[in-house]
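Note sheet for the following structure.
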Amino acid sequence: MESVKIDNSPEVLNTLKDHFLIAMPSLKDPYFKHSVVYICEHDEKGAMGFIINFPVKLTLQELLNNVDSIDHYPEPPLLNPVFLGGPLELERGFVLHSPVADNSQSTKLNDQLMVSNSNAILSTLGTKNEPEKYIVTLGYASWSSGQLEQEINDNHWISMESQNDIIFSTPVEQRWIESLQRLGINPEQLSTEIGHA
């Protein structure tokens, strides 16, 4: 009988693609303090992702009203918040969403998650063709080659495999705490252990 060769290629283990980055209390950057970031790209060139727990004072309805190519007005209005995806290109919108029938405008991230920056997906929101689950972000976060690894070494982040229910179902204000708790970490212990001289 032929033996099965197991692929132990290290790149699979070294990528944080399809993981969450969870900010540690030592991370003081106002853009990322207490953030949970979904990483959709990570390789030797760097990393890119979206903060999933910082809503901005803008509803989806208000956003759609400001997109020239969208001319439908959902009823009832879409009052879900838009999220700050990160500090870069804040004028660009991205939709993290569950799979849709026509996924030609989207990139698959995992079996139940896609991303799109196309108005084609935005224009389905509030219609019968919208994805079952979605969040909309403005902007994104990115790291240059080696930068994210250094920040992890500096104890600014911990990571875990992404969990779609945290993105779509966990209340926004609980996403950071819930992510830590799923790693078996009590956030209150973290904040008291760190920061003492």
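Computed from phi, the 3J(HN,Hα) profile of the stretch 24-40 under the Karplus parametrisation 6.51, -1.76, 1.60 (θ = phi - 60°) reads 8, x, 6, 7, 9, 3, x, 5, 10, 4, 6, 8, 10, 10, 7, 8, 9 Hz, with x in place of Gly and Pro. A 1.4 Å probe run over the stretch 1-159, with the rest of the protein chains in place, finds 56 Å² accessible per residue. If you plug the beta carbon distance of ASP165 and TYR31 into 1/(1 + (r/R0)^6) with R0 = 25 Å, you get a FRET efficiency near 0.50. Structure note, pairs LYS17/LYS133; LYS33/LYS128; LYS17/LYS128; LYS45/LYS128; LYS57/LYS133; LYS28/LYS57: Cα-Cα distances above 29 angstrom occur for LYS33/LYS128; LYS17/LYS128; LYS45/LYS128. Counted over all Cα-Cα pairs of the chain, pairs farther apart than 31 Å make up 23 percent. A Förster distance of 25 Å, applied to the separation of the beta-carbon atoms of ASN129 and VAL172, puts the FRET efficiency at 0.50. Relative contact order for the chain: 26 percent, from Cα pairs under 8 Å spaced at least 6 residues apart, divided by residue count. With the charge dipole of the stretch 120-197 set up from +1 on Lys and Arg Cβ and -1 on Asp and Glu Cβ about the Cα centre, the Cα lying farthest toward the positive end among the listed residues GLY146, PRO171, LEU122 is that of LEU122. If R0 equals 22 Å, the separation of the Cβ atoms of THR107 and THR15 corresponds to a calculated FRET efficiency of about 0.90.
The values are calculated or read from the model by the stated rules, or taken from the named source; none is laboratory data. Model, not experiment: these values are computed from the prediction. Here Cβ is always computed from backbone atoms with ideal geometry, including for glycine, and neighbour counts include all displayed protein chains. Just the protein is used for accessible areas: all its heavy atoms, side chains included, with ligands, DNA and RNA removed. Shrake-Rupley method; radii C 1.70, N 1.55, O 1.52, S 1.80 Å.
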